[in-house]
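Throughout, read-outs are computed from the coordinates displayed, never taken from laboratory work. Computed from a predicted structure; not experimentally measured. Here the Cβ positions follow ideal geometry from the backbone for every residue, glycine too, while neighbour counts run over all protein chains shown.
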Amino acid sequence: MKPRKSGKVAPSQTPPAQEATYTIGYEAVVVTEAQLNRLKADQYAAEGMQKYYRFKAWLHYANLKRWQGQGHHFHYLSSEGAIHCTCGLTMYTDAREGEAPAVAISDSVAKALESLELSPLQKIRGHRNLPSLRGYSVAITVDYVWVEERDVYLWTVICQGCGAHEVEVLGRDAQVFEDAHNTSCKGEVG
């Protein structure tokens with residue numbers, strides 16, 4: 001199986017992750033069942049094209065909640081001068097005052113992961129743990145494929161600390177990988 005490419009950003013939109021002009025911050029991305037229920041009620045109450053627009057709003061947040069629950073870190077949203085990860089990490093491409101400087105993975109870790117074609121956002125450290133959105137994770141899930149004949153998702157996970165990775169593994173194996181590397185590699189500068 002060929003790994004699926006997710007979260008790609010055109011080079012013209014985002015310079016290489018190692019550039020010093022990047023800063024990071026965090027957005028509130030918690031999605032509650034109450035929010036989803038309110039959005040669904042708004043959709044049912046709307047008329048005409050507003051019903052469709054309200055459906056799209058509900059779908060955006062429902063998908064975000066699902067991706068967070070799956071632990072999937074990727075560039076799911078863009079705004080002016082920023083790209084957003086499902087965990088709330090926001091990378092500003094126009095260095096913002098008051099935000100922390102972005103810390104990219106090391107060159108050696110980037111080399112170890114180069115076959116995976118990660119997005120610039122996935123090469124920045126500081127992702128929050130998913131699905132809890134608390135603490136920080138050096139091991140993150142960056143991609144998946146659906147294998148219909150096996151009725152299963154297979155996940156690709158990386159460690160931003162040491163460069164280890166596993167491609168297209170079962171969810172429980174991806175979680176074991178993340179737990180192990182978040183314990184052993186948490187302090188690595190990678």
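Springs between alpha-carbon atoms under 10 Å, Gaussian network over the chain: tell me which of 46, 110, 174 tops the mean-square fluctuations. Of the options given, 46 has the highest mean-square fluctuation. Among 135, 171, 126, which one moves the most in a GNM of the chain with springs linking Cα atoms closer than 10 Å? Looking only at 135, 171, 126, the biggest GNM fluctuation is shown by 135. Listed by chain and number, the aspartates and glutamates whose C-alpha is less than 18 Å from the C-alpha of residue 56, apart from same-chain residues fewer than 8 away, are 33, 42, 47. Considering helices alone, the calculated mean residue ellipticity of the chain at 222 nm is -9500 deg cm²/dmol, with DSSP H runs of length four and up weighted by -39500 (n - 2.57) and normalised per residue. Here the 3J(HN,Hα) profile of region 130-144, calculated from phi with Karplus coefficients 6.51, -1.76 and 1.60 at θ = phi - 60°, is 10, x, 5, 6, 10, x, 10, 10, 9, 9, 9, 7, 10, 6, 7 Hz, Gly and Pro shown as x.
Summarising the amide proton neighbourhood of residue 77: residues at separation of 5 or more, or on other chains, whose placed amide H is nearer than 5 Å comprise 84.
Which order do 179, 173 fall in if you start with the one that has the fewest other Cβ atoms within 10 Å? Display every interim value, and only then the final one.
Numbers: 179 11, 173 14.
Ranked by crowding around the Cβ, least crowded first: 179, 173.
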